């Protein structure tokens, strides 16, 4: 029999945590609520609803809460992560775990946008999420349609792939990237979502910008060709074009100084240095990932 554990990271979710736990218990063997420093009755209500509660003394972030939950899933075959704010319906857990049970996937991502788009998503949110999807897909070489979904399923053997470096909401993108780098099979299934129950504890714009910055920073290691080589090539092109123009002006007598040409040359040299840095880092990254995947 397949043993399934649901992990619910929660921060001040006393309104929705009880019903979410009760609904999840119908489809899993074990429910773990990681109370991430809540100042309300989240932990008490979760315990009364029958969940195992692990408490952080202070708010450390969603990534930290997920790490705590994953560290506590000994004996489980499949782990399901569910946001505790009531947006996800635990009744869809069977849809998430089915590809893993059937041997079709190692990680399953619940997507609100798999078949065209979730009509209830506010437009400004969807625009921001699309940007994060693109950045995440570039970083992880994936084709995910909902990179910020917190409703996911993981085969237990996938756990060593995740390092939980991002302590905040950047964890969603990080886990997809790390799953892809580890060669795990990622599949998406369509899920529904409710926005009428959202707590809106964080500003969506600052949240999105923060996640995007973390994804881009992560590219420095995962995709150095994008982070270094492409900007370097652009600088080389700018330097060459500008240099030819400035040198032509000098030869034609329109300029009496070679200083602009020298500056253009320095820009070109800088671009060459940055480009080779990206190539070297990309080679090192491939070697590291190869060694990690073949241990």
Legend entry - Per-pair calculated FRET efficiency, R0 = 25 Å: residue 59 and residue 95 via Cβ, rounded to 0.05: 0.20
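For region 1-156, report the convex hull volume of the alpha-carbon atoms normalised per residue, in Å³, without decimals.
Once divided by residue count, the hull of region 1-156 is 124 Å³.
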Inset, instruction - Take the alpha carbon atoms of region 1-74, find their center, do the same for region 137-191, and report the distance between the two centers in whole angstrom. - result: 20 Å
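What length, rounded to one decimal in nm, is gained on full extension from residue 130 through to residue 159, with 0.36 nm per residue of separation minus their alpha-carbon distance?
My answer for the length gained is 7.7 nm.
Each reported figure results from applying straightforward, stated rules to the coordinates on display, with no laboratory input. Owing to the predicted nature of the structure, the values given are computational and were not obtained by experimental measurement. All Cβ positions, glycine included, derive from the backbone under ideal geometry; neighbour counts span all protein chains shown.
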